[in-house]
Amino acid sequence: MSGVAITGVGMHPFGRFEGTTATEMGVTAVRAALAEAGIGPRDVEAAYCGTAYGGVASGHRVLSALAGTGIPIYDVEAGCASGGAALQLGAAAIAAGRHDRVLVFGIEKMPKGVIRSSFFAPWQESAGLNPAPAYFALRAQRLLAETGLTEDHLAAVVVKNRRHGVANPDAMFRKEVTAEEVRSSRRVCPPLTLFMLCSPNEGAAAVVLSRHGDGVRVAGVSLRSHLPGNVLGEESPLCGTDDTGVTPPTTLAAQDAYAQAGVGPEDLDVVECQDTDAARELLAWPELGLCEKGGQARLLADGDVVVGGRLPVNPSGGLLSKGEPLGASALGQVVELVRQLRGEAGARQVDGARIGLAHVIGRGANACVTILTR
Amino acid sequence: MATPSIEPSVLRVDDDGRVTLLGGWSATSRLRHFPRSPVCPFTGADDVAPLDLPRSGTVWLHTTVQAPPPGYTGPTPYGLGVVELDGEPLLRVVTRLPAEGVARGDRVHLHGEEVPGPEGEPVLTWVFRS
């Protein structure tokens, strides 16, 4: 992957934009990325569009609004990891020698509220076996029961990310919250309260990948799925068995990405990780090798994971501040890391950041880990 | 005539309304699973035999669902969680539970629960309660 440079990035902010289509948001992000790379839409050889709810030929609609290019355009769906999967395919096409320059973007316009997913059969919906926040809550229950972490730690993650989000103009929520406000917000599914869950929303992000170019590089990117056994993963099976020793998909992807990049978790300067809910971020830390299982409390207590600390996590504010447009969220993380590694992140800048890791995980238990270096 | 099963391949409803979870067992894997799959979902072994699962178990995890998820028109709030079924080896099953008053380690037993089906017609799903 050492030959894959990111020569341009662009964003449409994440939020709610009534009257703006996903295609229009995609056009905004793509134009910004192409402009930064100093090229036009006819200068890329392939395009990869991550989207989960965009529908047929979503990527074509964005490209058609810019130019008829004749290039291959791939729509990529991998749940919350859709943008990561698109990036992995685009980077692999360059690494394999197929293309010299490709466009990767993600777009989404999510329905409000709990997301309806064709993942569940109609009878499972009728039985009430499909509420995603309940599955997140059950996993949070397990995390608290097995590690000694408490609801205060869940609240601390929200406080951290919302504080970071204040400095991010592309975030949906830019107001700090207190731990007490987090704990006393509406109880959705115990132990998770409303402020502990991210909001599905809308947005777009785009990157230009090139064989040639200086600056930030994709040093490793890996997409993995789940192994059997765990009843509580994003895959949401109806049964599980003893899952002791079952490696989670995040760890599978991280190990692969670290090996590609020739770095380890101790080398990281900045991390963007999936915080669908506050517990999901705490689970990701040991899964990515950032700490031992149960070591999360110490990272929070020592201030390691805030901007200004040893290893800031989610300086963008995370999904808890930005909201989650599924197809765009992974590339939103990549755009954030590119800005961090270039030193362009303004008030949320992680000083001297040279190596960053982005992590997403979602439906199907698709996990994607991307490592960027400069 | 008992209320029909919400999904006959997953839940059997006898004439007297008694419900049974339809699982599978692989002799090669020596593992139980639910719902019954053509192959063992944990190992891929293709020697799955039908297995009526135990009707009792122990609560492992529990939460309460306050707002109806998409496509669900039954009562709220309701409980959702994971029960560890009796017997060996370990099998954890996602299930409805009572909305409140459930704790880790509680002993619970299988019952039918009527909910509106996909077309609004009454159907029986399953719930574990004391």
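Okay, here's what the table says:
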| item | result |
| --- | --- |
| The protein assembly as shown - Rg (one decimal) and Dmax (whole number), Cα, Å | 23.1, 74 |
| Trypsin sites (Lys or Arg not before Pro) lying in DSSP loop within region B:1-61, provided at most 14 other Cβ fall within 10 Å | B:ARG18, B:ARG30 |
| Given charges at Cβ of Lys, Arg, Asp, Glu: the protein assembly as shown dipole, positive-most of A:ALA37, A:LEU311, A:VAL218 | A:ALA37 |
| Heavy-atom accessible area ranking, 1.4 Å probe, most first, across A:LYS160, A:LYS109 | A:LYS109, A:LYS160 |
| Relative contact order for region A:126-202, counting Cα pairs under 8 Å that sit 6 or more residues apart, in percent | 28 percent |
| Protein accessible surface hidden between A and B, which excludes ligands and nucleic acids, total in Å², probe 1.4 Å | 2900 Å² |
| Region A:198-357: proportion of alpha-carbon pairs further apart than 24 angstrom, % | 36 percent |
| A:ARG31 accessible area, assembled protein chains, probe 1.4 Å, Å² | 150 Å² |
| Crossing angle, helix A:249-261 versus chain A [Cα axis fit, 0-90 degrees, rounded to tens] | 40 degrees |
| Solvent-accessible surface (1.4 angstrom probe) belonging to A:TYR53, in square angstrom, nearest 10 | 90 Å² |
| Shielding of A:238-250 by partner chains, average beta-carbon count, 10 Å | 5 |
| Principal-axis tilt of helix A:22-37 within chain A, Cα atoms, nearest 10 degrees | 60 degrees |
| Euclidean distance of C-alpha centroids, region B:38-55 and region A:214-289, integer Å | 29 Å |
| Alpha-carbon Rg/Rh ratio, for region B:11-129, with Rh computed the Kirkwood way | 0.99 |
| Residue mean of other protein chain beta carbons inside 10 Å, B:30-43 | 3 |
| Separation between Cα centres of region A:147-175 and region A:184-209, rounded to whole Å | 11 Å |
| Accessible area per residue in Å² at 1.4 Å probe, computed on region A:19-103 | 40 Å² |
| Solvent-accessible area per residue, Å², over region B:11-129 with all protein chains present [probe radius 1.4 Å] | 43 Å² |
| Note, ³J(HN,Hα) from phi for region A:219-227, Karplus 6.51, -1.76, 1.60, rounded to Hz, x at Gly and Pro | 8, x, 8, 9, 10, 9, 10, 7, 9 |
| Distance from region B:58-89 to region B:1-35 (C-alpha centre basis), Å | 17 Å |
| Listed residues B:THR76, A:THR276 arranged by accessible area, highest first, probe 1.4 Å | B:THR76, A:THR276 |
| Within the protein assembly as shown, helix-based [θ] at 222 nm, where runs of 4 or more DSSP H residues each add -39,500 (n - 2.57), nearest 500 | -8000 deg cm²/dmol |
| Where GluC sites (Glu not before Pro) fall in DSSP loop in region B:67-123, at most 15 other Cβ within 10 Å | B:GLU100, B:GLU119 |
| Area of A:SER222 that stays accessible when all protein chains are in place (1.4 Å probe, Å², to 10) | 0 Å² |
| Distant-in-sequence amide H partners of A:VAL221 (H built 1.01 Å from N, under 5 Å) | A:ILE371 |
| Length-normalised contact order for region B:11-129 - Cα pairs under 8 Å, 6+ apart - percent | 22 percent |
| Cβ-Cβ FRET estimate between A:ARG16 and B:THR73, R0 fixed at 41 Å, reported to 0.05 | 0.95 |
| Taking chain A and dividing mean pair separation by its residue count, relative contact order in percent (alpha carbons under 8 Å, at least six apart) | 26 percent |
| Estimated dipole of region B:11-129 in Debye, rounded to 20 [Cβ of Lys and Arg +1, of Asp and Glu -1, Cα centre] | 400 debye |
| Over region A:60-137: Kirkwood hydrodynamic radius from C-alpha pairwise inverse distances, Å | 15.6 Å |
| 0 to 90° range, to nearest 10: angle between helix A:326-342 axis and chain A longest Cα axis | 80 degrees |
| Which of A:ILE39, A:ILE6 is most accessible, then next, and so on - probe 1.4 Å | A:ILE39, A:ILE6 |
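The values are calculated or read from the model by the stated rules, or taken from the named source; none is laboratory data. As the structure is a computational prediction, the values presented were derived from the model and not from experiment. Positions of Cβ are backbone-derived with ideal geometry, glycine not excepted, and every protein chain shown enters the neighbour counts. SASA here: full protein model, heavy atoms, side chains in, ligands and nucleic acids out. Shrake-Rupley method; radii C 1.70, N 1.55, O 1.52, S 1.80 Å.
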